[in-house]
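The values are calculated or read from the model by the stated rules, or taken from the named source; none is laboratory data. Please read all numbers here as calculations on a predicted model, not as lab measurements. Cβ sites come from the backbone with ideal geometry, for glycine too, and all protein chains shown count toward neighbours.
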């Protein structure tokens with residue numbers, strides 16, 4: 001595919017940003033490369049050789065990450081003094097096995113995530129909170145105040161009976177109180193989980209009931225797009241539905257929405273928790289001890305409770321943010337997210353590397369789509385994370401941020417949530433120039449990191465993800481079960497990653513966990529995406545492998561369809577569904593959200609068909625185009641591909657969709673009505 005960029009043609013794989021050799025010399029990854037080479041008496045002339053070493057010698061690599069990055073914790077005496085390569089005995093102290101299933105990292109080491117985040121805080125480091133719901137609008141919390149608040153809330157949680165291993169749940173927005181609540185929970189050795197307050201009652205109960213929290217911390221309302229959202233009744237229903245719960249804590253967030261509780265549940269005020277003179281302490285736990293529980297989307301049943309560990313999250317996020325993003329002291333890190341998405345966990349990882357983090361709660365479209373760009377300019381953000389759909393919205397709206405704002409400190413713009421199309425690369429280049437690195441990243445809730453991203457040492461390629469991150473053995477697997485280069489295949493991880501989940505909560509025999517990742521392709525982690533890994537180390541994601549469009553034996557990922565369809569100015573959003581079943585060809589249907597003033601007439605349909613025929617294949621021209629007002633999405637913004645396909649194949653709505661897990665459940669009913677009509 002090609003796309004006009006200015007007067008030139010932007011082609012997939014074209015280099016659109018190249019590292020400056022002098023700038024690379026000052027990066028953390030370059031210092032890491034040179035230091036590792038000196039210790040191991042090896043040479044890493046480029047990123048490719050460094051990455052190859054990281055996956056071929058995982059024990060040496062992860063041990064060196066711990067030492068170079070200054071991870072705080074207790075290591076066994078066998079890892080005290082190292083010089084050169086590890087012995088076989090020492091390797092067992094870093095990784096129990098190289099098998100992807102069942103591997104345990106640093107099995108005899110003790111660690112605490114909160115201690116790593118807070119013990120090395122610089123006095124100049126800040127947590128900046130921006131909210132529509134708070135009268136002050138913007139708040140800043142320095143290192144001393146953050147430590148003091150975490151100590152106070154941890155003291156309060158202990159007074160409420162919270163101990164190591166207990167679960168503490170939040171129904172909270174992306175603000176500093178949520179960060180404090182998490183760090184306080186982690187400091188005790190308790191386990192954190194959180195839903196954003198825009199989640200419906202059923203979605204929250206489906207999640208929290210599985211993990212039986214001892215305490216729930218909540219807000220009773222928030223403001224979004226200048227509209228006050230009352231969550232008091234939702235909170236009442238959630239708390240009543242949790243038999244394990246005896247205590248809850250109310251955060252005073254949106255003025256005028258007080259909450260008194262009811263008989264049987266003790267409600268404490270956030271501001272009255274603990275002692276202001278409490279000492280900040282940390283309970284170190286074994287490396288693989290649960291830290292937080294994230295949940296899958298839950299669109300087709302109970303969400304999977306995915307458990308990540310203290311050590312895995314600490315070392316993986318520190319490695320990725322320091323080496324891949326070059327974040328550190330003096331940098332400001334922002335990613336637009338809610339607390340119900342793993343990018344919140346990724347964002348707060350900025351504390352581990354000494355960066356300032358920026359928390360935003362509100363609508364990215366209020367008062368207009370410039371809101372996040374204005375924030376980036378005003379706060380002089382260094383690494384600015386958004387999503388591919390947001391980039392597409394700005395582009396469709398003709399938003400000229402390059403003229404409207406200045407970005408003196410901006411080094412990189414990150415995009416995740418969906419593959420960033422060529423049009424998105426072109427738009428960002430036009431607005432920001434070629435000096436800002438575009439970081440298209442992919443990973444997910446399951447691993448709570450990005451395993452395909454970029455680095456300060458690698459070029460950015462139009463329409464692609466620049467590289468696999470260090471330590472991530474990402475491969476494309478053929479149907480025969482072996483790695484292929486330059487071909488589309490199943491995205492797998494063939495080596496363990498520290499941030500892989502240690503288990504699913506409530507899965508005592510591990511069968512649900514095994515079936516989710518390891519049952520389909522023995523010996524590797526199957527992630528569920530189609531990917532093409534190219535010889536230069538870059539990659540292209542083609543969408544979910546369980547929603548692939550197979551026409552006459554020719555497979556095509558949905559991402560390619562969306563790139564073609566949404567390149568039309570008339571098309572705001574799209575969803576493509578193949579109703580083919582085993583042994584029979586079904587319909588290929590494209591649902592389109594059209595822009596204001598556009599209509600789905602014969603002329604537009606003709607142009608759509610012609611473009612797909614030219615860019616994809618004649619086999620993949622949709623049989624029908626249907627206009628709808630919205631595309632159904634999960635709370636995290638993912639298009640509802642697989643459930644809609646099941647519905648169109650005759651499944652009952654109650655069997656495949658949990659409405660409380662959707663951002664816009666009415667969109668599902670609209671699609672069903674449109675099909676029947």
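See the values below:
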quantity	calculated
Lone qualifier among 169, 181, 154 - being under 28 Å from residue 234 (Cβ atoms), touching a strand residue (DSSP E or B) at 6+ places or on another chain (Cβ under 6 Å), at pLDDT 95 or above and assigned to a helix (DSSP H, G or I)	181
Residue 101, sole failed condition from (1) at pLDDT 95 or above; (2) under 30 Å from residue 437 (Cβ atoms); (3) surrounded by 15 or more Cβ atoms within 10 Å (Cβ to Cβ)	(2)
Qualifying residue in segment 282-298 (condition: outside any loop (DSSP other than H, G, I, E, B), closer than 15 Å to residue 235 by Cβ and either touching a strand residue (DSSP E or B) at 6+ places or on another chain (Cβ under 7 Å) or modelled with pLDDT of 95 or more (or both))	no
Index of the failed condition, residue 493 passing every other in (1) buried (at least 21 other Cβ atoms within 10 Å of the Cβ); (2) over 22 Å from residue 28 (Cα atoms); (3) within 16 Å of the chain's Cα centre (by Cα)	(3)
Unique residue being under 22 Å from residue 113 (Cβ atoms), out of contact with any strand residue (DSSP E or B) (no Cβ under 6 Å at 6 or more places or on another chain) and surrounded by 22 or more Cβ atoms within 10 Å (Cβ to Cβ) when the list is 313, 355, 322	322
Check on residue 306, out of contact with any helix residue (DSSP H, G or I) (no Cβ under 7 Å at 6 or more places or on another chain), in contact (Cβ under 8 Å) with a residue 12 or more places away in the chain and outside any loop (DSSP other than H, G, I, E, B)	yes
Any hit, segment 18-25, residues being modelled with pLDDT of 95 or more and under 23 Å from residue 493 (Cα atoms)	no
Residue list for segment 70-86, filter: surrounded by 12 or more Cβ atoms within 10 Å (Cβ to Cβ) and assigned to a loop (DSSP other than H, G, I, E, B)	70, 71, 72, 75, 76, 82, 85, 86
Filter result for residue 564 (modelled with pLDDT of 95 or more and not in a loop (DSSP other than H, G, I, E, B))	no
Some residue of segment 76-94 being modelled with pLDDT of 95 or more, within 20 Å of residue 317 (Cβ to Cβ) and within 26 Å of the chain's Cα centre (by Cα)	no
The listed residue being within 25 Å of residue 97 (Cβ to Cβ) and within 26 Å of the chain's Cα centre (by Cα), out of 50, 42	50
Residues located in segment 584-616, provided they are in a loop (DSSP other than H, G, I, E, B) and in contact with a strand residue (DSSP E or B) (Cβ under 7 Å, 6 or more places away or on another chain)	586, 587, 595, 600, 616
Segment 251-260, residues that are in contact with a helix residue (DSSP H, G or I) (Cβ under 8 Å, 6 or more places away or on another chain) and either over 18 Å from residue 204 (Cβ atoms) or modelled with pLDDT under 95 (or both)	252, 253, 257, 259
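The rows are residues; the columns are (1) in contact with a strand residue (DSSP E or B) (Cβ under 8 Å, 6 or more places away or on another chain); (2) in a loop (DSSP other than H, G, I, E, B); (3) under 26 Å from residue 151 (Cα atoms); (4) outside the structural domain of residue 164 (by TED's automatic domain parsing).
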position: 235; (1), (2), (3), (4): yes, no, no, no
position: 245; (1), (2), (3), (4): yes, yes, yes, no
position: 257; (1), (2), (3), (4): yes, yes, no, no
position: 264; (1), (2), (3), (4): no, yes, no, no
